[in-house]
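The structure appears below as structure tokens.
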Amino acid sequence: MSLREKREEIEFQTLSPIATKSAETRGRKVFCEKCDIRTEFQKDRDRITHCKAFRRLMHKTQVFISPERDHYRTRLTHTLEVAQISRTAARALGLNEDLTEAIALGHDLGHTPFGHTGEDALNGLIPDGFRHNEQSVRVVETLENLNLTHEVIDGIMNHRTVCNPSTPEGRVVQLCDKIAYMNHDVDDAIRAKLLEEHDLPSTVSEMFGTSPAARIDFLVRNLVEHSLECDEINLSPNAAVVLREFRKFMFERVYANQLHSRERSKIKTMLRLMYEHYLQNSQKLPSEIQARFEETPESAIADHIAGMTDRFAQKRFMEIFTPSAWEV
Ligand code: MG
């Protein structure tokens, strides 16, 4: 019996009946020999952490644009926080921790530069629209050809609130993404002097606590306890109502902040000008992007722009639209 087969056996013996067992995966689009050490979901986690799109998350905005200060979250640290919180919840619920981790690490791989502002900009430019969850799937399936298992791709595709993941592990990531971003975005908003802790609605601080750590602890406990008692992966109804109120507050005070919106219109203009430039000057795109024009030029250019880090987008914009000095 190989080490992987032993691990698969342990999953059957120890995980919850509703957990997704790696030996029962629906598999990959292209057949691939199994590893003798790692399970299929462990292999997917490793494929994700070694791909280029994962490394680029380091220089992509979470909320605060191109932060010069070192303590703001980036898309990479957000991803790691989601993975950590999701693993804690999955382990406590007897779910498959490896599948949960792979989904969490891959969920934002298709995110644009400049956070949701970049996403909105591309969404307004591409004829079929642009959504980061669909782009994350495009990254793992087409652009980086990671050939992941069905369950990991399903969890990545369906991590947004409006979607319905088909595994309990995908559902855990969907909830823990929210738990992570709302709490770390409060922390960063306080760092940016947009908020003070006492500005939070009293319902939020009374139920969830008065620090990010206390709130994450409360929400993870609530998720675990409620899900163990009931036949669903969810927060208790009371906590879900207060979390919605928390989210509404964050939209009003942080995500739609005036100061922020000044930068937002610059980002939208910048990405639109680059998009139009590449539509008219496709020869300036990298050859692998030009090769994708057969699908549609618009989606190929969206792949290129969505893949950029904040700093790469700024650098390209300067190169295209500002004169450079004569260097002799
Ligand atoms: Mg996320």
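Listed by first and then second residue, the pairs linking a residue in region 35-52 that is closer than 15 Å to residue 104 by Cβ and in contact (Cβ under 8 Å) with a residue 12 or more places away in the chain to a residue that is open to solvent by 10 Å² or more (accessible area, probe 1.4 Å) and aromatic (Phe, Trp, Tyr), with Cβ atoms under 8 Å apart and 6 or more places separating them unless they lie on different chains, are 48/54. Candidates 117, 161: the one that is modelled with pLDDT under 95 and in a helix (DSSP H, G or I) is 117. Taking region 206-235 as the range and being farther than 18 Å from residue 183 by Cβ and of a type in the set (S, T, N, Q) as the test, the residues that pass are 227, 234.
In summary, residue 254 fulfils each of the numbered conditions (1) within 23 Å of the chain's Cα centre (by Cα); (2) open to solvent by less than 20 Å² (accessible area, probe 1.4 Å); (3) of a type in the set (A, V, I, L, M, F, W, C); (4) at pLDDT 95 or above with the single exception of condition (4). Among the residues of region 97-114, those identified as open to solvent by less than 20 Å² (accessible area, probe 1.4 Å) and either in a loop (DSSP other than H, G, I, E, B) or away from the ligand (no atom under 13 Å from the Cβ) (or both) are 99, 100, 102, 107, 108, 109, 110, 111, 112, 113, 114.
Just so you know, in region 304-327 the residues that are surrounded by fewer than 13 Cβ atoms within 10 Å (Cβ to Cβ) and aliphatic (A, V, I, L, M) include one that is nearest to residue 58 (Cα to Cα), and it is 318.
Taking region 157-182 as the range and being within 12 Å of the ligand (Cβ to nearest atom) and in contact (Cβ under 8 Å) with a residue 40 or more places away in the chain as the test, the residues that pass are 159, 173, 175, 176, 177, 178, 179, 180, 181, 182.
Out of all the residues in region 233-280, which are under 30 Å from residue 93 (Cβ atoms) and not in a helix (DSSP H, G or I)? Residues satisfying the conditions are 233, 234, 235, 236. Within region 121-146, track down each residue that is open to solvent by less than 30 Å² (accessible area, probe 1.4 Å), in a loop (DSSP other than H, G, I, E, B) and of a type in the set (S, T, N, Q). Scanning region 121-146 gives no hits. Each residue in region 48-76 was checked for being in contact with a Gly (Cβ under 8 Å, 6 or more places away or on another chain) and open to solvent by 50 Å² or more (accessible area, probe 1.4 Å), and 2 of them qualify.
The values are calculated or read from the model by the stated rules, or taken from the named source; none is laboratory data. As the structure is a computational prediction, the values presented were derived from the model and not from experiment. All Cβ positions, even for glycine, are placed from backbone atoms using ideal geometry, and neighbour counts span all protein chains on display. Only protein heavy atoms, including side chains, enter the accessible area calculation; ligands, DNA and RNA are left aside. Shrake-Rupley method; radii C 1.70, N 1.55, O 1.52, S 1.80 Å.
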